[in-house]
Every structure is written in structure tokens, then in C-alpha cells.
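One structure coming up, written as C-alpha cells, with questions to follow.
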Amino acid sequence: MFGRIEGVVVEGNRIGRRLGFPTANIRLSERNEIKNGVYVVTINYKEFCYKGVANIGNKPTLNGDAERMLEVNIFDFDKNMCGEHISVELLYFIRNEVKFDSLEELRLQIDKDRMFAEEFFEKNNYL
């Protein structure tokens, strides 16, 4: 396990939702030293545990963001969680955060990351 991030979900720019991968976003403190990149994760929310995939970083495809964020796509879940507290367990590092040439390339990679995470959960008998 690579760590745990807890926090209150904040409003994002809804790019993930437009790409078909809605995310719950948490602002990261400057003290957070977890490496930027994409991770297989579990999410604890209201006494339930969900599977997902998350990105930590500055959104380079969207011209970067001065603020580091955790963006987590929760599998089979589509509820607005703004203002809610969640806990995210980073289970496996998939890849570094990279800048894509288009939103379509980003969408295709997110789909691959999600498939990798689903296979990870299946192979490791999670949930």
C-alpha cells in the first residue's frame, strides 16, 4: 500500500464526467509527499468500501493546475459527493502522470487504467 488520503470532496471542473469518468476530488496539502501518478484505490465512504482508480497531480493535459489534487473515479458509483468526507487507500501504482495531446487520448488512457484496476481487483480477490 502506498498510503491513505482523507479529505472533503471539492467541486472539480467536470472534465472527467464529460469523458465518461466522473471523479471525486480532494485538494492535497503541500506536505503531502505521495508521488504524482495513477493508482489502483479503494474508497471508504459512509461505511461502504468501493473500488476505483485515482490520479494524483496537477492535470498536465489541461495545461496544468497550480494545486495538486487527488481525482478518484469510483467504479459503479455516480453520486455528487461534494462536501462529503472520504478516505482513499492507494493500493498499487499504475503509471506516472503524463500530458496527453488531446482529451481523447486522455480518455483512452483512463479507460486502460480502469481496466488495469479492475483486473488488479479480480486477481487479488478484493471486495
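The values are calculated or read from the model by the stated rules, or taken from the named source; none is laboratory data. Only a predicted model underlies this, so the values are computations on that prediction, with no experimental measurement involved. All Cβ positions, glycine included, derive from the backbone under ideal geometry; neighbour counts span all protein chains shown. Ligands, DNA and RNA are excluded from the accessible area calculation, which covers all protein heavy atoms including side chains. Shrake-Rupley method; radii C 1.70, N 1.55, O 1.52, S 1.80 Å.
In the stretch 25-37, how many residues are touching a residue at least 60 places away in the same chain (Cβ under 8 Å), more than 11 Å from S87 (Cβ to Cβ) and outside any loop (DSSP other than H, G, I, E, B)?
Within the stretch 25-37, residues that are touching a residue at least 60 places away in the same chain (Cβ under 8 Å), more than 11 Å from S87 (Cβ to Cβ) and outside any loop (DSSP other than H, G, I, E, B) number 1.
Just a yes or no: is a residue in the stretch 90-100 without any contact (Cβ under 8 Å) to a residue 24 or more places away in the chain and either out of contact with any Gly (no Cβ under 8 Å at 6 or more places or on another chain) or open to solvent by less than 60 Å² (accessible area, probe 1.4 Å) (or both)?
No, that holds for no residue.
Check N58, N32, N36 and return the single one that is over 18 Å from R4 (Cβ atoms) and among the polar types (S, T, N, Q).
Result of the check over N58, N32, N36: N58.
Further question: Test V72 against the criterion of being open to solvent by less than 10 Å² (accessible area, probe 1.4 Å), touching a helix residue (DSSP H, G or I) at 6+ places or on another chain (Cβ under 8 Å) and not in a loop (DSSP other than H, G, I, E, B), and give yes or no. Write out each step before concluding.
Values: open to solvent by less than 10 Å² (accessible area, probe 1.4 Å): yes; touching a helix residue (DSSP H, G or I) at 6+ places or on another chain (Cβ under 8 Å): no; not in a loop (DSSP other than H, G, I, E, B): yes.
Against the criterion (open to solvent by less than 10 Å² (accessible area, probe 1.4 Å), touching a helix residue (DSSP H, G or I) at 6+ places or on another chain (Cβ under 8 Å) and not in a loop (DSSP other than H, G, I, E, B)), V72 does not qualify.
Return the residues of the stretch 101-127 that are in a loop (DSSP other than H, G, I, E, B) and either surrounded by 11 or more Cβ atoms within 10 Å (Cβ to Cβ) or not charged (D, E, K, R) (or both); say none if nothing qualifies. If you could, list the steps in order and put the result at the bottom.
Here is the first cut: in the stretch 101-127, the residues in a loop (DSSP other than H, G, I, E, B) are 101-102, 124-127.
The answer is S102, N124, N125, Y126, L127.
Oh, and also: Sort out which residues of the stretch 38-54 are at pLDDT below 95 and either surrounded by 13 or more Cβ atoms within 10 Å (Cβ to Cβ) or in a loop (DSSP other than H, G, I, E, B) (or both), and write them in order of number.
K46, E47 - these are the residues of the stretch 38-54 that are at pLDDT below 95 and either surrounded by 13 or more Cβ atoms within 10 Å (Cβ to Cβ) or in a loop (DSSP other than H, G, I, E, B) (or both).
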